[in-house]
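One structure is given below, encoded as structure tokens.
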Amino acid sequence: MIAAAGVISAVVVAGVAGGLSGDGDAPKPTVTDSSLTMAPPSTGLPPATQAIMSVSTESTVITTNLSQPLGYGSAGEPVGDLQERLTELGFFPGPVDGQFGGLTEKAVWAFEKLVMQVPRGEPTGIVTDEMWQFMQQPIEIQPRRKYSAGEATENHTEVYLPEQVVVFFVNDEAVLISHASSGTGEEWKQEVTIDVGEYGNENGTEPLKRGEIGVSITPGGVFEYDRMIDGLRESALGTLWNPAYFNYGIAIHGALNVPLQPASHGCIRLPLAIGEVFQQYVAVDDQVFVWDGVKEPEFYGEQVPIFNRIDPDYSTTTTTTSTTAPAAAAPATTGPTTTHTPHETQPATTTTELPGTTDPSTTPAGSTTIAPS
């Protein structure tokens with residue numbers, strides 16, 4: 001698809017055509033005379049599951065060039081220009097200070113995955129001159145579900161699990177775009193701590209410890225935020241920073257460890273600094289759409305997650321352990337048959353992590369059913 005005069009809506013996908021490499025090489029976008037060349041969809045998924053953007057070519061775009069690639073550790077005016085452009089597009093590179101640090105790298109990852117459709121495990125975080133030319137085009141990230149079309153609440157969140165990217169929209173404008181890390185699909189087993197007031201310890205007077213087993217799944221579907229917490233929370237699934245819950249104990253939250261690959265126990269991890277600011281764009285009852293790359297969110301509706309269960313081998317003298325196994329080998333129940341709702345957590349052996357590396361949530365001990373939070 002070649003952008004013509006005016007504003008068009010185009011599906012951005014990975015492919016060899018148009019200079020977007022689909023063979024694992026560094027992406028090489030082609031921009032000629034303010035026209036953007038793109039390949040047709042190649043994933044076999046419905047078009048709505050692809051990243052969407054507008055490209056306007058009504059006016060000539062004046063661009064600058066990079067004399068050398070920019071990456072982690074780079075510094076200077078070109079980095080400041082990059083940070084400013086990422087911010088304009090809705091990404092979060094941190095302060096525009098000319099220092100290419102971790103936040104800037106993760107913002108570049110998000111751009112590569114969402115706009116350039118680089119596979120989620122393959123972003124380089126390196127900005128070449130070709131990529132910089134691409135980035136300077138008049139790009140606008142659009143929602144897959146529009147408030148203006150009556151498809152979503154005015155403020156809503158879109159979670160793209162295949163890309164591991166989250167976008168926060170306000171009146172169809174992408175106000176915050178973040179790299180993310182969701183559930184691994186693996187089983188875990190460990191001792192957990194549940195704060196007073198959290199699921200499983202709602203009426204307690206002190207933190208509760210017990211052994212639990214869960215499966216790290218982030219279900220696709222259409223949900224609504226039902227609870228938001230400021231600060232640090234310990235739960236059956238670990239530690240969360242500023243969690244915004246939308247599917248029982250599953251939340252979007254800040255985390256210290258947000259790698260390229262899925263790493264949570266079901267929650268949606270955002271870089272810790274983004275965890276400090278994202279709640280200003282969301283509120284209780286705002287919708288959350290989660291794409292799993294298999295079906296559209298509406299196919300699932302409010303899909304119930306796999307619930308954690310009590311570890312029958314746990315005792316107060318048992319030291320924390322962590323095991324992983326393919327999710328398919330774990331018992332996938334059709335309803336709550338355990339003591340709490342899912343969430344993400346780091347193994348308890350990871351004791352030096354900062355707030356937000358894991359998640360919370362459970363139901364009263366001994367309970368066999370759970371009501372939605």
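A short reminder: the numbers here are calculations on the coordinates, not readings from a lab. Only a predicted model underlies this, so the values are computations on that prediction, with no experimental measurement involved. Because the Cβ atoms are built from the backbone with ideal geometry, glycine has one as well, and the counts that use them run over all protein chains shown.
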With labels modelled as points extended 7 Å from the Cα through the Cβ direction, what inter-label distance (nm, one decimal) is found for residue 149 paired with residue 227? 3.4 nm
Centroid-to-centroid separation of the range 215-233 and the range 141-176 [C-alpha atoms, Å]: 16 Å
Cα to Cα, under 20 Å, and not fewer than 8 places away if on the same chain: which lysines meet these conditions relative to residue 146? 295
So how do 253, 179 line up by other beta-carbon neighbours within 10 Å, fewest first? 179, 253
Under 11 Å by backbone N from the virtual spin label 7 Å along Cα-to-Cβ at residue 299, the residues of the range 221-254 are 221
How would 278, 100 line up from fewest to most surrounding beta-carbon atoms within 10 angstrom? 278, 100
Put in order of increasing Cβ neighbours within 10 Å, starting from the fewest, 189, 113 give 189, 113
